[in-house]
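I have placed the structure first, in the form of structure tokens, so that the comments after it can refer back to it.
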Amino acid sequence: MIQAPARRIPDEARMGFLPQEIIRKKRDGAALTEEEIFFLIEGLTRGRVTEGQAAAFAMAVFFRGMGLDERVALTEAMMRSGEVLQWDLPGPVLDKHSTGGVGDTGSLALAPAVAACGGYVPMISGRGLGHTGGTLDKLDAIPGYVSQPDADTFRAVTRNVGCAIIGQTGDLAPADKRLYAIRDVTATVESIPLITASILSKKLAAGLEGLVMDVKVGSGAFMASLEEAQSLAKSLVTVANRAGLPTSALLTDMDAPLASAAGNAVEVAYAVDYLTGRRREPRFHEVTVRLGAEMLFLGRIVASVADGRARMEEAIASGRAAERFGMMVAALGGPADFVEASERHLARAPVVRAVHAHRTSFVTSVDTRTVGVAVIALGGGRTRAEDAIDHAVGLTDLAGPGEEVGPGRPLAIVHARDEGTADAAEAALRRAYVIGQDKPAGRGIILERMAERVA
């Protein structure tokens, strides 16, 4: 792995721009040039554009939008604001990104499975955002796991194991970190051009050769409607491919938690159970296999998505994916026997309580966002950036739509630090679940696939 220098605007070009004039231009609905966008982003990174000016720019984009050329330029400018990694590996460098959901522990199963199939997955993940869980917070539940290693360790683990899941460093797309913080406090987060540039700038900076987007849709997703999710997926796929990164997207259902566990240690335990075959739920398995199949296809490891699915199924069923996960954990400082004895290493909450429906019936629907908020209230997420996380708390055995619940099957099991927070979580679960006498038809987990090309 080597690092490519960031692009800079020549001094003679810089002299012709004023931030306020570029903001005015976008405010009035005109398209910005590549040079103007690079000037603004470089200025934000180097302190020549103020936070007030960046906020005004974000608001202008929020209301006026951006064309395709502008989105590509913004993404590339943010990518080039810091270091851009380049890899020298004997296989394709691949990744996936999820737009966030509840019980979405897919990265922990997906990365080692793809590695077992010959891909290399340097996955740079984030912490929890809003009601959704963060992969980095889950990994921090593993004793000794170093989620933000130095560059040499990151490089070595990726090469030797085939995958390394770590946190973002300050060197990759620093403009995104600054601009996102500004958007977060100026009500400009929900802008598809800005979301697109934020996600893809980090992925492009990671030096990928193929990316699959998992765009969540439903009550537990940031994009609640199919139309919103389609617009975001189209933007991501089109811009990424225009920027030279082969990308496809799957729109997946988040009207119920992806896994039947939500929390940190409980989701890690779920991932281990999945990889070792102790528990393989159909919804989680389908998303994991399909995302992996897309990654293998984009990386040209297989000739078709169907071939990729077969390779993923074999890697998981044979135990090779579980072996890679154990190797990754050990290489990044975790216990050498973690896969074999995860229950001994993961923290457990002192209060464990099953929440039962008052009568035998079927789950009609789940307000998945409320489930995610309940995990945060237990202490499994943050309400402020500086909050510490209780990795032991969470929810397990979450019932999904169409499942029969009653005395023999709870709505969920609460893992809490004390009785008071357990009471609050139980009340939240009862609000989140709608039950009835008729079993609902439901919908598939994979709602749509979007792809532009494989290059």
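Projected label points at His356 and Phe63, each 7 Å from Cα along the beta carbon direction, are separated by 5.7 nanometres. Taking a straight Cα-Cα cut-off under 20 Å and skipping sequence neighbours fewer than 8 places away in the same chain, the lysines within cross-link reach of Lys216 are Lys96, Lys138, Lys202, Lys203, Lys234.
Counting only the heavy atoms of the protein chains, how much of Val352 is accessible to a 1.4 Å probe, in Å² to the nearest 10? For Val352, solvent-accessible area is about 90 Å².
Could you name the lysines in cross-link range of Lys25, using Cα to Cα under 20 Å and dropping any fewer than eight places away on the same chain? Straight-line reach from Lys25, under 20 Å: no lysines qualify.
For Rg/Rh (Cα atoms, Kirkwood Rh), computed directly from the structure shown, the correct entry in [x] 1.17; [y] 0.98; [z] 0.94 is [y]. Can you give me the C-alpha center-to-center distance between the stretch 361-375 and the stretch 236-282, rounded to a whole angstrom? Each part's Cα centre sits 18 Å from the other's.
Treating each Cα of the stretch 267-343 as one equal point scatterer and applying the Debye formula with no solvent, the log10 of I(q)/I(0) at q = 0.11, 0.16, 0.26 Å⁻¹ comes out as -0.31, -0.62, -1.16.
Compared with the alpha-carbon gap, the fully stretched path from Glu343 to Glu314 is longer by 7.9 nm at 0.36 nm per residue.
Can you classify the stretch 116-247 as rounded, prolate or oblate using the Cα gyration tensor, where a ≥ b ≥ c are the square roots of its eigenvalues, rounded means a/c under 1.5, and otherwise it's prolate if a/b beats b/c and oblate if not? The shape class here is prolate.
When only alpha carbons are used to place a centre, the stretch 186-225 and the stretch 27-68 end up 19 Å from one another. Computed with a 1.4 Å probe on the full set of protein chains, the accessible area for Leu18 sits at about 90 Å². Taking every DSSP helix (H) stretch of at least 4 residues in the chain, weighting each as -39,500 (n - 2.57) and dividing the sum by the residue count yields a mean residue ellipticity at 222 nm of -13500 deg cm²/dmol.
The values are calculated or read from the model by the stated rules, or taken from the named source; none is laboratory data. Everything quoted here is computed from the prediction, not taken from an experiment. Note that each Cβ is placed from the backbone with ideal geometry, even for glycine, and that neighbours are counted across all protein chains shown. Accessible surface is based on the protein model in full, side chains and every heavy atom, while ligands, DNA and RNA are left aside. Shrake-Rupley method; radii C 1.70, N 1.55, O 1.52, S 1.80 Å.
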